[in-house]
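K.L.:
Below is the structure I would like to discuss, written out as structure tokens.
The values are calculated or read from the model by the stated rules, or taken from the named source; none is laboratory data. Everything numeric here is computed off the predicted structure, so don't read it as measured data. Every residue, glycine among them, receives a Cβ derived from its backbone with ideal geometry; neighbour counts consider all protein chains shown.
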Amino acid sequence: MSDPVSEKVLAILASVKRIPRDKISIDTPLQALGIDSLDTIVLLSELEKAFRIAISDDDARSVRSVRDVVEEVRKLAGDVSVDSTAPAA
Amino acid sequence: MTARRVVVTGLGVICALGHNLAEVWCALRAGRSGIGPIRSLDVSNLRFQNGAEVREYDTGKHFGSGADLLDRFAQFALISAREAVADSGVTLTPELRENTAVVSGSCVGGQSTQDAGFVELYRQERGRVHPLTIPRTMANAGASHISVEFGTTGPAFTISTACSSANHAIGQAFRMVRSGEVDLAIAGGSEAPFSMGLLKAWEAIRVIAPDTCRPFSRDRRGMILGEGGAMLVLEPLERAEARGARIYGEIVGLGMSSDAGHITQPSVEGPARAMRAALRDAQLHPEQVGYINAHGTGTPGNDPTETRAIREVFGAHADRLAVSSTKSMHGHALGAAGALEAVATVMALHQGLLPPTANFIGPDPECDLDIITHRARAAQVECALSNSFAFGGLNAVLALRTHLR
């Protein structure tokens, strides 16, 4: 799953929570990374900016794992390239 | 000095349900929601479109040429204070003015003023903002204008504890009257949060429902912002009886607590401790409480948590007390919420009619309380609680008792 989208999502996640990138795998539950509902909102906001997408509140509430987040982004962004002006990971 | 009994002798309110007490109570008892499409702003770029706005509001009718000095939130504070004072029939003698407190709650202060100033500054690059931006924006503007209008020179201040602001405010006023520090208090809260900057901030935190507010119901999707103001006139029972005042009800306790936990996620224990503290302060047994006007925001998170807190405090009695959230009708007016709900709760005790939860579409097993839905329930309960739990984990609960003549 090391495509550009999942790589970028994991990089942004690492940046938002200030955790080493290599500690995060695609199947990690967000909770196991110490990510609560408020962190999730911040993460999704960064992803919305980076991928120029809009994630609905209902979808935002349903994400539980890193994979859920990646799939949500992939659903909305397809394989489009990421915004280079987004915060560096 | 021994503690005095504190009664409510005047009520004033303006919100999405009406411009005065009669209109608002009429809507509350009918279960009529004031939630609808937001009209004061273009919300086409927001994920939510509905709010509980004050409709057909004419600033000039209330303030004439002096309106420029007051942001909308301070106008609501003053309008509701005018009604409450007139409703109480109290004569503000020079001596009483010195012994009158004004305590208001506001979460966000003069948002529309601030937003308009920032548009001029950053978007229109005018390089200056309106010279009245500071006095209009300050969160204490409501309390200050009330004090100026009525010439009250006792303690006056504003409390800002997010969604608990007005309950903390009414609670402090209650304690000042109870202790004998003042002989009269005008207390409540006001809010006018419909500015684009603030709506965008609420959108970003993802707690606003895209449809409507359905507290304790299945398929609830969040809260709905509301605006308005509500004020209560509080005085010692002896003074109220001596002047033959109409007594709406008695405030008997205040309970406060802090979750000391998460900045936005509610806890069970913090609200439970606040409810217990209110009962203790009021010297009430849990079995004396027959109605709770819940914080009931309609978010997926609050309502099950509040349900568990109520069960923890009341045990088996939780199944024998009625619960409703009037936010389903007047919306969540942030720093005014507790004041709107105090008015609803006092009126419920006074009229023997418990206001319902509107927009309820079916039970949620996680919110398995006796929720009053759609229509008011006739019931003369002895005591009631009114809950407010804030972002930041700051909780304030008022205990009220029916006044028996």
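K.L.:
When residues of segment A:29-45 are filtered for being more than 12 Å from the chain's Cα centre (by Cα) and either part of a helix (DSSP H, G or I) or buried (at least 16 other Cβ atoms within 10 Å of the Cβ) (or both), how many remain?
P.N.:
5
K.L.:
Moving on to the next point. Within segment B:301-348, how many residues are among the aliphatic types (A, V, I, L, M) and within 14 Å of chain A (Cβ to nearest Cβ)?
P.N.:
0
K.L.:
Another question about this same structure. Looking only at segment B:88-108, count every residue that is assigned to a loop (DSSP other than H, G, I, E, B) and either hydrophobic (A, V, I, L, M, F, W, C) or on the phi < 0 side of the Ramachandran plot (or both) and tell me the total.
P.N.:
The total comes to 8.
K.L.:
Follow-up question, since we're still on this one. Looking at (1) in contact (Cβ under 8 Å) with a residue 12 or more places away in the chain; (2) in contact with an Asp or Glu (Cβ under 9 Å, 6 or more places away or on another chain), find the lone condition where B:G127 falls short.
P.N.:
(1)
K.L.:
What pairs come out if I take residues in segment A:1-21 that are within 22 Å of A:G78 (Cα to Cα) and pair them with residues that are assigned to a helix (DSSP H, G or I) and among the acidic types (D, E) whose C-beta lies under 6 Å away, six or more apart or interchain?
P.N.:
A:I12/A:E46
K.L.:
The conditions are (1) over 20 Å from B:M347 (Cβ atoms); (2) surrounded by 22 or more Cβ atoms within 10 Å (Cβ to Cβ), and B:C383 fails exactly one of them. Which is it?
P.N.:
Of everything listed in (1) over 20 Å from B:M347 (Cβ atoms); (2) surrounded by 22 or more Cβ atoms within 10 Å (Cβ to Cβ), B:C383 misses just condition (1).
K.L.:
Same structure, new question: Among the acidic types (D, E) and within 14 Å of the chain's Cα centre (by Cα) - does that describe any residue in segment B:166-184?
P.N.:
no
K.L.:
Another one. Within segment B:109-129, which residues are part of a loop (DSSP other than H, G, I, E, B) and at pLDDT 95 or above?
P.N.:
B:G109, B:G110 - these are the residues of segment B:109-129 that are part of a loop (DSSP other than H, G, I, E, B) and at pLDDT 95 or above.
K.L.:
Yes or no: segment B:198-210 includes at least one residue that is away from chain A (no Cβ under 14 Å) and either of a type outside the set (A, V, I, L, M, F, W, C) or in contact with a His (Cβ under 6 Å, 6 or more places away or on another chain) (or both).
P.N.:
Scanning segment B:198-210 turns up no residue that is away from chain A (no Cβ under 14 Å) and either of a type outside the set (A, V, I, L, M, F, W, C) or in contact with a His (Cβ under 6 Å, 6 or more places away or on another chain) (or both).
K.L.:
Given the condition away from chain A (no Cβ under 14 Å), in contact with a His (Cβ under 8 Å, 6 or more places away or on another chain) and not in a strand (DSSP E or B), answer yes or no: does some residue in segment B:227-238 qualify?
P.N.:
Checked segment B:227-238: no residue is away from chain A (no Cβ under 14 Å), in contact with a His (Cβ under 8 Å, 6 or more places away or on another chain) and not in a strand (DSSP E or B).
K.L.:
Here is a check on your reading of the model: is B:S106 within 30 Å of B:Q265 (Cβ to Cβ), of a type outside the set (D, E, K, R) and in contact with a Cys (Cβ under 6 Å, 6 or more places away or on another chain)?
P.N.:
no
K.L.:
Separate question: Can you spot a residue in segment B:246-266 that is in a helix (DSSP H, G or I) and more than 14 Å from chain A (Cβ to nearest Cβ)?
P.N.:
For segment B:246-266, residues in a helix (DSSP H, G or I) and more than 14 Å from chain A (Cβ to nearest Cβ): absent.
K.L.:
Please return the ranges of strands (runs of 3 or more DSSP E) entirely within segment B:314-405 where 3 or more residues are touching a Cys at 6+ places or on another chain (Cβ under 8 Å) and not polar (S, T, N, Q).
P.N.:
Because the criterion is at least 3 residues that are touching a Cys at 6+ places or on another chain (Cβ under 8 Å) and not polar (S, T, N, Q), the strands (runs of 3 or more DSSP E) in segment B:314-405 that meet it are B:394-401.
K.L.:
Would you check which residues across segment B:57-87 are out of contact with any Gly (no Cβ under 9 Å at 6 or more places or on another chain) and part of a loop (DSSP other than H, G, I, E, B) and list them?
P.N.:
Passing the criteria: B:Y57, B:D58.
K.L.:
Are any residues in segment B:299-331 surrounded by 24 or more Cβ atoms within 10 Å (Cβ to Cβ) and among the basic types (K, R), and if so, which ones?
P.N.:
B:K327
K.L.:
Can you confirm whether B:P215 is touching a Phe, Trp or Tyr at 6+ places or on another chain (Cβ under 8 Å), assigned to a loop (DSSP other than H, G, I, E, B) and more than 14 Å from chain A (Cβ to nearest Cβ)?
P.N.:
yes
K.L.:
Any idea which residue in segment B:8-35 is nearest to the other protein chains (Cβ to nearest Cβ), counting only those that are crowded, with 16+ Cβ neighbours inside 10 Å and either within 26 Å of B:E203 (Cα to Cα) or over 18 Å from the mean Cα position of the chain (by Cα) (or both)?
P.N.:
B:I35
K.L.:
Looking at (1) of a type in the set (G, A, S); (2) assigned to a loop (DSSP other than H, G, I, E, B); (3) in contact (Cβ under 8 Å) with a residue 60 or more places away in the chain, which is the only condition B:S44 fails?
P.N.:
Of (1) of a type in the set (G, A, S); (2) assigned to a loop (DSSP other than H, G, I, E, B); (3) in contact (Cβ under 8 Å) with a residue 60 or more places away in the chain, only one is false for B:S44: (3).
K.L.:
Which members of segment A:46-67 meet the condition of being away from chain B (no Cβ under 14 Å) and crowded, with 16+ Cβ neighbours inside 10 Å?
P.N.:
A:A50, A:F51, A:S65, A:V66, A:R67
K.L.:
Follow-up. Just the residues that are at pLDDT 50 or above, part of a loop (DSSP other than H, G, I, E, B) and surrounded by fewer than 16 Cβ atoms within 10 Å (Cβ to Cβ), please, taken from segment A:68-84.
P.N.:
Passing the criteria: A:G78, A:D79, A:V80, A:S81, A:D83.
K.L.:
Additional query: Test B:R29 against the stated conditions and say whether it is under 26 Å from B:D87 (Cα atoms) and assigned to a helix (DSSP H, G or I).
P.N.:
yes
K.L.:
Here are A:I55, A:I19: which of them is out of contact with any Asp or Glu (no Cβ under 9 Å at 6 or more places or on another chain), among the aliphatic types (A, V, I, L, M) and either in a loop (DSSP other than H, G, I, E, B) or modelled with pLDDT under 90 (or both)?
P.N.:
Exactly one of A:I55, A:I19 is out of contact with any Asp or Glu (no Cβ under 9 Å at 6 or more places or on another chain), among the aliphatic types (A, V, I, L, M) and either in a loop (DSSP other than H, G, I, E, B) or modelled with pLDDT under 90 (or both), namely A:I19.
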